[in-house]
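Right, one structure below, let's go through it.
Just so it is clear, none of the values below were taken in a lab; they were calculated from the coordinates. What you see is a predicted model; the values in this text were computed from it and never measured. For neighbour counting, all protein chains shown are included, and Cβ atoms are generated from backbone atoms with ideal geometry for every residue, glycine included.
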Amino acid sequence: MPKVTLTQTLVDNYKCSDGLKKVDLFDTKTPGLVLEVRITGGKTYYLRYQNKRKKTRLFKLANARDVSIQQARALCQGARTKVALGQDPREDEIEARLIPTLAHFAEEYYLPWAKQAKRSWSTDVSILNNHILPSLGQRYMDEITREDVSRLHLKPLQNGAAPSTANRVLIITRHMFNLALNKWEIPGLEKNPAARIRELEENNKRERFLSQPEMVRLIEAVQDSPCTMLKYLLPVLLHTGARRNEALMAQWDHIDFENRSWVIPQSKSGKKRYITLSEGVVSILMDIKASRLSDTWVFPNPKTGIPYQNIYTSWHRARVAAGLPDVRMHDLRHTFASLLVNHGRSLYEVQKILGHSQIRTTERYAHLDQETLLDAVNTATQTIPFRGAPIALHGPRSSDLGTE
């Protein structure tokens with residue numbers, strides 16, 4: 001173990017002695033600095049130190065071709081400072097190798113989990129492949145900054161996408177880092193760069209609620225539809241707020257006529273939920289059951305006895321015939337929620353009936369029509385003084401008018 005004062009000339013010209021594969025030169029000027037010279041001509045600077053367990057370790061500082069002796073001494077001193085503070089630079093290096101790129105994490109951790117935990121995992125695949133991974137996929141997760149995520153969040157808008165798409169990019173990125181930190185405890189990852197970045201306001205959410213005359217026209221239109229099941233399906237959707245696919249995949253085993261209950265084994269949120277059935281809906285279901293089209297499916301295709309693969313064409317013809325070409329089948333759910341609220345039901349009740357996990361989703365559906373709002377403000381003005389006295393909503397009395 002030769003001890004020498006390393007100089008740039010010595011480093012550049014020193015060669016390994018014959019018969020040796022390598023030789024270590026210990027610098028007398030900077031404690032712990034070692035130059036490894038190999039028979040191949042390669043030269044590397046190391047720090048020789050003792051870890052917390054008093055075991056001697058070597059930590060690679062740099063290739064001698066890339067830094068000068070002065071720079072090597074500075075690197076060595078920085079590493080020795082870490083050791084003095086209780087850190088082990090070699091363990092930090094090993095930990096850094098364990099930190100995956102975002103693409104590797106998505107493939108090995110996130111997507112296998114999402115396919116088991118999320119019904120909408122295919123949407124996540126699309127967002128990852130089209131938005132997240134092209135920008136940040138090759139970056140190591142601990143290198144991704146808040147600024148990187150902020151730019152990623154806004155990038156879809158620059159390409160003409162809606163704010164909802166941009167928010168989806170942010171939500172998935174945030175969720176991936178949360179799982180990496182809290183579920184899998186990825187070594188070396190200390191914070192979520194997507195945390196506390198605010199979502200964009202979404203003004204692109206379409207709201208369409210059917211008026212009473214529109215509902216009448218639509219129900220009349222489906223009575224004449226060649227798709228005989230549509231005249232049953234549409235009123236059930238309108239009177240329960242069920243989603244289209246929840247109804248199309250409904251089975252008789254899911255219906256409890258005695259307790260007037262319909263169980264959805266797996267809703268959009270992935271959880272079981274129950275729908276309470278009105279007397280009118282029970283009557284419709286009894287009519288279907290009496291037809292004995294299927295012993296399994298509630299709304300089967302009469303020609304096949306199994307659920308419809310595509311009911312859009314029949315639905316589209318019916319809505320056009322009713323003069324409502326802009327109405328979507330999902331708008332029946334919007335209308336049901338609106339009617340509940342306009343008839344005095346609380347948002348909490350509507351949330352439970354529709355099976356929403358978050359109240360803010362219910363608030364979107366909870367549309368109040370103009371008549372309800374007018375009733376509300378008129379009720380308030382009955383007790384609030386106006387020019388010194390409450391307003392008489394019934395109109396002025398003859399005794400109040402005085403005479404000329």
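Details
- Fluctuation leader among ALA337, ALA64, ALA242 - the chain, Gaussian network, Cα springs under 10 angstrom: ALA64
- Once the chain from SER346 to VAL320 is taken as fully extended at 0.36 nm per residue, the excess over their C-alpha distance is 6.0 nm.
- Neighbour counts of other Cβ atoms within 10 Å put ASP287, ASP18 in the fewest-to-most order ASP18, ASP287.
- Cα gyration tensor, the stretch 5-76 - rounded (a/c under 1.5), prolate or oblate: oblate
- By the count of neighbouring beta-carbon atoms within 10 Å, fewest first, TYR14, TYR312 end up ordered TYR312, TYR14.
- Value at 222 nm in deg cm²/dmol, rounded to 500, when DSSP H runs of n ≥ 4 in the chain each add -39,500 (n - 2.57): -13000 deg cm²/dmol
- Qualifying aspartates and glutamates (Cα of each under 14 Å from Cα of LYS15; at least 8 residues distant if same chain): ASP24, GLU36
- Relative contact order %, the chain, counting alpha carbon pairs below 8 Å whose residues are six or more apart: 9 percent
- Each residue in MET141, MET249 was given a count of other beta-carbon atoms within 10 angstrom of its own, and listing them fewest first yields MET249, MET141.
- Label-point gap, in nm, between LEU181 and ALA117 - each point 7 angstrom along Cα→Cβ: 1.5 nm
- When each of LYS52/LYS183; LYS29/LYS54; LYS22/LYS60 is checked by Cα-Cα distance, pairs over 18 Å: LYS52/LYS183; LYS29/LYS54
- The count of lysine pairs in the stretch 191-336 whose Cα atoms are under 28 Å apart, excluding pairs fewer than 8 places apart on the same chain, comes to 11.
- Helix 163-182 axis, angle to the chain major axis (alpha carbon atoms, nearest 10°): 50 degrees
- Calculated FRET value between LYS155 and ALA74, using beta carbons and R₀ = 35 Å, to 0.05: 0.35
- At R0 = 35 Å, FRET efficiency that the Cβ-Cβ distance of PHE257 and ASP224 yields, to 0.05: 0.75
- Of ARG319, ARG168, ARG198, the one that fluctuates the most in a GNM where the chain has Cα springs shorter than 10 Å: ARG198
- Length available on full extension from ARG38 to ARG65: 0.36 nm per residue minus the Cα-Cα distance, which gives 8.4 nm.
- P(r) of the stretch 185-251 over all Cα-Cα pairs, binned every 10 Å from zero, in whole percent: 14, 29, 19, 14, 13, 9, 1
- A Gaussian network model of the chain, with springs between Cα atoms under 10 Å, assigns the largest mean-square fluctuation among TYR49, TYR232, TYR308 to TYR49.
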